[in-house]
Structure formats: C-alpha cells, structure tokens
Amino acid sequence: MGTSRSRVKKTRLVPVAPSGRREAGSIEMIFEIVRQIPPGRVTTYGSIAKVLDLPNARMVGHAMREVPSKGKPVPAQRVVTASGKLSHDTSGARRRLLIREGVVLKGDKIVDFARLFWDPATEL
DNA sequence: TCACTGACCGAGA
DNA sequence: ATCTCGGCCAGTG
C-alpha cells in the first residue's frame with residue numbers, strides 16, 4: 001500500500017468563507033443538522049460528526065459553543081454527549097430548555113436516553 | 001513551532 | 001454505574 005498518510009479529509013470549521021459564501025465543512029452545516037432535531041428528542045456530538053464525516057466530536061462541541069444568540073435558532077440543548085449527559089451546562093439553561101420540551105433529566109443525565117435518541121444517520 | 005486546553009468518545013478497571 | 005486514559009485535532013498564546 002502507498003505510504004501516504006491516513007489524513008482522509010481536511011475539515012475546517014470556519015463560520016463562513018472569507019468571501020461570505022458558505023462552504024462544505026463549515027459550521028453552518030452542523031447548525032443545519034441540529035435544526036432538524038425534533039423537539040423532545042436528542043442526538044450526540046459524535047453522531048453529528050459521523051454523519052458529516054468530521055474527524056471527531058469535539059468539532060461539533062466547538063460549533064455549539066459558537067451558536068449565536070441572534071439569527072436562525074439552533075436548538076443546541078438537543079445535542080448531548082454519547083453517554084446522554086449535558087456537557088458544560090453551568091447555568092442550567094440548556095437543561096431547562098429540555099425540561100420545557102418534556103425531556104426528563106436526573107441531574108445532567110437524560111432519563112431514557114436510548115428512547116429519545118435521534119440519529120441523523122438513519123432518521124434524517 | 002511547541003505546549004496545553006477542550007460543549008468528545010470508546011475501552012478498561 | 002463511575003472513573004481514568006489515550007486518542008482525536010482545532011484554537012490559543
């Protein structure tokens with residue numbers, strides 16, 4: 001086999017291209033997936049990374065951190081860790097939003113996570 | 001360029 | 001069920 005490195009794909013998480021035009025791999029694509037998650041359902045950082053062919057789930061975590069308070073809404077509260085827990089929800093804001101949608105939590109852990117899980121790879 | 005951090009994840013203990 | 005580790009790789013200084 002060739003000795004080429006296994007760098008399969010180079011992904012960049014730029015909000016928008018310098019020209020202002022959206023590109024593949026941009027943070028907007030992640031936002032679009034998140035907007036498809038139905039209320040009361042949740043998905044994971046890793047699932048989104050996988051369906052977009054991103055190198056790892058942290059990319060999605062970074063994207064959620066960049067969600068603007070204005071503009072088209074992005075329900076970031078519906079994105080949780082693979083173990084069904086909210087990550088870095090220090091103010092409890094995302095937790096409250098989920099509860100408002102009918103999601104039952106025990107601390108930062110979603111009860112019956114398996115049933116509420118919405119997989120973008122199969123349900124989108 | 002190097003070192004370290006992080007809204008992650010899977011495997012093991 | 002909980003914790004620790006190693007791997008992942010983009011930002012940051």
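Coordinate-derived values only; no laboratory data. This is a predicted model, so every value here is computed, not measured. A quick note on method: Cβ atoms are made from the backbone with ideal geometry, for glycine too, and the neighbour counts reach across all protein chains shown.
Things worth noting here:
- Length added when fully stretched, A:Leu124-A:His88, from 0.36 nm per residue minus Cα-Cα: 10.3 nm
- Selection from A:Ser87, A:Gly46, A:Ile99 lying farthest towards where the dipole of region A:27-123 points positive, charges on Cβ: A:Ile99
- Amide H within-cut-off set for A:Val80, under 5 Å, with H built and near neighbours excluded: A:Thr43, A:Thr44, A:Tyr45
- Förster radius 30 Å - calculated FRET efficiency between A:Leu105 and A:Lys50 (Cβ-Cβ, nearest 0.05): 0.75
- Residues A:Val51, A:Val34, A:Val80 in ascending order of nearby Cβ atoms (within 10 Å, fewest first): A:Val51, A:Val34, A:Val80.
- Value of Rg to Rh for region A:27-123 (Rh from inverse mean 1/r over Cα pairs, i.e. Kirkwood): 0.92
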